[in-house]
Amino acid sequence: MTGARRIANNLFHLFSGEAVSSGLAFIITIWLARKLSGEGFGQWAFAQSVVIYLVLLVDFGLSTFGVRELARKKQQQSRLVASILNIRLVLATVIFILFVCVIIFLDISP
């Protein structure tokens, strides 16, 4: 397969995956809005936004910089992947512990 054809094939798969993902997200959002009350959907949206911010903190740009470093240093891939995974695991653990502490001390009723 030529380079241009491979790039076109990869782009097609990326675009089609994004379209399916967006369509499913749209349908699920409509379904949730109908099943939950207005208050329930608002609580769901708030919880989802908090989780998304926490995921951004765990990523911390490592996906972008990690891929760049992996592309630059191909001979050290296994060491770099292990380092990136360890950093993300430590970040996730710290953020999870902080999140649990905040939830415990906020004393939110169910």
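With (1) among the hydroxyl-bearing types (Ser, Thr, Tyr); (2) within 27 Å of Val102 (Cα to Cα); (3) open to solvent by less than 90 Å² (accessible area, probe 1.4 Å) as the list, and Ser83 as the residue in question, which single condition is left unmet?
(2)
Out of Ile84, Ile52, Ile97, report the one residue that is in a helix (DSSP H, G or I) and touching a Phe, Trp or Tyr at 6+ places or on another chain (Cβ under 9 Å).
Numbers: Ile52 fails: touching a Phe, Trp or Tyr at 6+ places or on another chain (Cβ under 9 Å); Ile97 fails: touching a Phe, Trp or Tyr at 6+ places or on another chain (Cβ under 9 Å).
Selected residue: Ile84, the only one of Ile84, Ile52, Ile97 that is in a helix (DSSP H, G or I) and touching a Phe, Trp or Tyr at 6+ places or on another chain (Cβ under 9 Å).
Which pairs turn up if I take residues in segment 35-49 that are under 20 Å from Val102 (Cβ atoms) and in a helix (DSSP H, G or I) and look for partners that are among the small types (Gly, Ala, Ser) and open to solvent by 70 Å² or more (accessible area, probe 1.4 Å) with beta carbon separation below 6 Å, at least 6 apart in sequence or on another chain?
Pairs found: none.
Those residues that are open to solvent by 50 Å² or more (accessible area, probe 1.4 Å) and either touching a residue at least 12 places away in the same chain (Cβ under 8 Å) or β-branched (Val, Ile, Thr) (or both), I need them from segment 50-73; list them, please.
Within segment 50-73, Val51, Ile52, Val55, Leu57, Phe60, Thr64, Val67 meet the criteria.
Provide a single number: the residues in segment 1-16 that are among the basic types (Lys, Arg) and either touching a residue at least 60 places away in the same chain (Cβ under 8 Å) or exposed (fewer than 10 other Cβ atoms within 10 Å of the Cβ) (or both). Outline the logic, then answer.
Here is the first cut: in segment 1-16, the residues among the basic types (Lys, Arg) are 5-6.
The next check asks that each one be either touching a residue at least 60 places away in the same chain (Cβ under 8 Å) or exposed (fewer than 10 other Cβ atoms within 10 Å of the Cβ) (or both); those that pass are 5.
So the count comes out to 1.
Examine segment 9-30 for a residue that is charged (D, E, K, R) and at pLDDT 85 or above, and state whether such a residue exists.
Of the residues in segment 9-30, the ones charged (D, E, K, R) are 18.
Restricting the remaining residues to those that are at pLDDT 85 or above gives 18.
The answer is yes, given that some residue of segment 9-30 is charged (D, E, K, R) and at pLDDT 85 or above.
The values are calculated or read from the model by the stated rules, or taken from the named source; none is laboratory data. Values in this document were obtained by computation on a predicted structure and should not be read as measured data. A quick note on method: Cβ atoms are made from the backbone with ideal geometry, for glycine too, and the neighbour counts reach across all protein chains shown. Only protein heavy atoms, including side chains, enter the accessible area calculation; ligands, DNA and RNA are left aside. Shrake-Rupley method; radii C 1.70, N 1.55, O 1.52, S 1.80 Å.
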